[in-house]
Amino acid sequence: MNRWKMIPVALALAAVGPAHAESVDERIAASQEAIQDFAGTLQGHLMEAMQQGGPTEAISVCQQVAPQIAEDISAETGWSVGRTSLKLRNPDNAPDEWERAVLEHFEARRAQGVPASELAYHETVQEGDEEVFRFMRAIPTGSVCLTCHGSEVDGDIQHALERLYPEDQATGYSEGDVRGAFTIIQRM
């Protein structure tokens with residue numbers, strides 16, 4: 001092909017490159033914003049529950065309110081928004097294959113000394129006939145999280161967890177561990 005005929009093709013590809021990058025940057029920023037909304041709203045409800053009824057009241061927030069927050073943000077954005085973990089409390093939050101691989105990557109990075117608060121990952125993947133943008137951000141285990149997710153969970157809390165989550169695996173964490181991740185799927 002003539003070199004001069006390739007110039008319009010090269011220019012078109014160059015124009016698509018930055019637009020695609022900008023689109024990815026916009027998707028990352030929007031995902032981060034949705035996660036901040038989810039995390040902030042959930043944290044507000046948890047703090048209120050802790051003040052009103054203590055940790056056992058906070059457990060019911062995680063069971064009932066957190067899924068509703070995810071549903072509300074999903075409805076508002078048109079995306080699939082949720083939480084997942086390698087050590088599940090709620091089996092409805094089980095990771096799919098892609099999420100499991102990302103969570104394992106987060107664990108490996110954490111073992112290398114990267115703070116959980118800095119762990120995020122995104123990728124555009126093909127799912128069946130459609131292309132989707134996937135984003136995950138790790139949930140760091142804070143000191144207050146250890147009340148219900150630590151190695152030594154108080155008896156009343158343990159009983160509440162056993163009642164609500166008979167197959168609970170989400171204990172034994174230390175401060176700074178990757179507790180799980182927020183996960184977002186944006187259809188393209």
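The values are calculated or read from the model by the stated rules, or taken from the named source; none is laboratory data. All values reported here derive from a predicted model rather than from experimental measurement. Glycine gets a Cβ as well: all are built from the backbone with ideal geometry, and neighbour counts include every protein chain shown. Accessible surface is based on the protein model in full, side chains and every heavy atom, while ligands, DNA and RNA are left aside. Shrake-Rupley method; radii C 1.70, N 1.55, O 1.52, S 1.80 Å.
Here Ile139 passes the criteria (1) of a type in the set (A, V, I, L, M); (2) more than 30 Å from Gly78 (Cβ to Cβ); (3) modelled with pLDDT of 95 or more except the one numbered (2).
Answer with yes or no whether Asp37 is at pLDDT 90 or above, buried (at least 16 other Cβ atoms within 10 Å of the Cβ) and not small (Gly, Ala, Ser). Even if it seems obvious, please write down each step before you answer.
Details: at pLDDT 90 or above: yes; buried (at least 16 other Cβ atoms within 10 Å of the Cβ): yes; not small (Gly, Ala, Ser): yes.
Answer is yes for this residue.
Among the listed residues Ile184, Ile157, Ile139, identify the single one that is open to solvent by less than 20 Å² (accessible area, probe 1.4 Å), outside any helix (DSSP H, G or I) and either closer than 25 Å to Ile28 by Cβ or β-branched (Val, Ile, Thr) (or both). Step through it out loud before you land on a result.
On the way: Ile157 fails: outside any helix (DSSP H, G or I); Ile139 fails: open to solvent by less than 20 Å² (accessible area, probe 1.4 Å).
Result: Ile184 is the single residue among Ile184, Ile157, Ile139 that is open to solvent by less than 20 Å² (accessible area, probe 1.4 Å), outside any helix (DSSP H, G or I) and either closer than 25 Å to Ile28 by Cβ or β-branched (Val, Ile, Thr) (or both).
Taken over segment 160-181, the criterion of being in a loop (DSSP other than H, G, I, E, B) and free of Cβ contacts under 8 Å to residues at least 12 places away in the same chain is satisfied by Pro166 alone. Within segment 109-124, can you find the residues that are assigned to a helix (DSSP H, G or I) and open to solvent by less than 50 Å² (accessible area, probe 1.4 Å)? Once the filter is applied, which keeps residues that are assigned to a helix (DSSP H, G or I) and open to solvent by less than 50 Å² (accessible area, probe 1.4 Å), segment 109-124 yields only Ala116.
Of all residues in segment 77-96 being part of a loop (DSSP other than H, G, I, E, B) and under 18 Å from Gln43 (Cβ atoms), which is modelled with the highest pLDDT? Talk me through it step by step, then tell me what you get.
Step one: of segment 77-96, the residues part of a loop (DSSP other than H, G, I, E, B) are 78-79, 85-90, 94-96.
This time we only want the ones that are under 18 Å from Gln43 (Cβ atoms), so: 85, 89-90.
Working: Ser85: 98, Arg89: 95, Asn90: 93.
For segment 77-96, the residue satisfying everything is Ser85.
Looking only at segment 132-157, count how many residues are over 24 Å from Ile35 (Cβ atoms) and in contact with a helix residue (DSSP H, G or I) (Cβ under 9 Å, 6 or more places away or on another chain). Let's see the steps before the verdict.
First, pick out the residues of segment 132-157 that are over 24 Å from Ile35 (Cβ atoms): 151-157.
Now drop any that are not in contact with a helix residue (DSSP H, G or I) (Cβ under 9 Å, 6 or more places away or on another chain), which leaves 152-154, 156-157.
The total comes to 5.
Against the definition (farther than 25 Å from Met188 by Cα, acidic (Asp, Glu), within 14 Å of the chain's Cα centre (by Cα) and open to solvent by 80 Å² or more (accessible area, probe 1.4 Å)), how does Glu48 come out, yes or no? When the stated conditions are applied, Glu48 does not pass them.
Residue by residue, here is whether (1) touching a residue at least 24 places away in the same chain (Cβ under 8 Å); (2) within 18 Å of the chain's Cα centre (by Cα) holds:
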| position | (1), (2) |
| --- | --- |
| Thr41 | yes, yes |
| Ser60 | yes, no |
| Ala75 | no, yes |
| Thr84 | yes, yes |
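Given the criterion modelled with pLDDT of 95 or more, closer than 27 Å to Glu131 by Cβ and β-branched (Val, Ile, Thr), identify the matching residue among Val9, Val24, Val102. It would help to see each step written out before you state the result.
Numbers: Val9 fails: modelled with pLDDT of 95 or more; Val24 fails: modelled with pLDDT of 95 or more.
Answer to the selection: Val102.
Here the condition is being out of contact with any Leu (no Cβ under 9 Å at 6 or more places or on another chain), open to solvent by less than 20 Å² (accessible area, probe 1.4 Å) and over 17 Å from Cys62 (Cα atoms); of Val178, Val132, it holds for Val132 alone.
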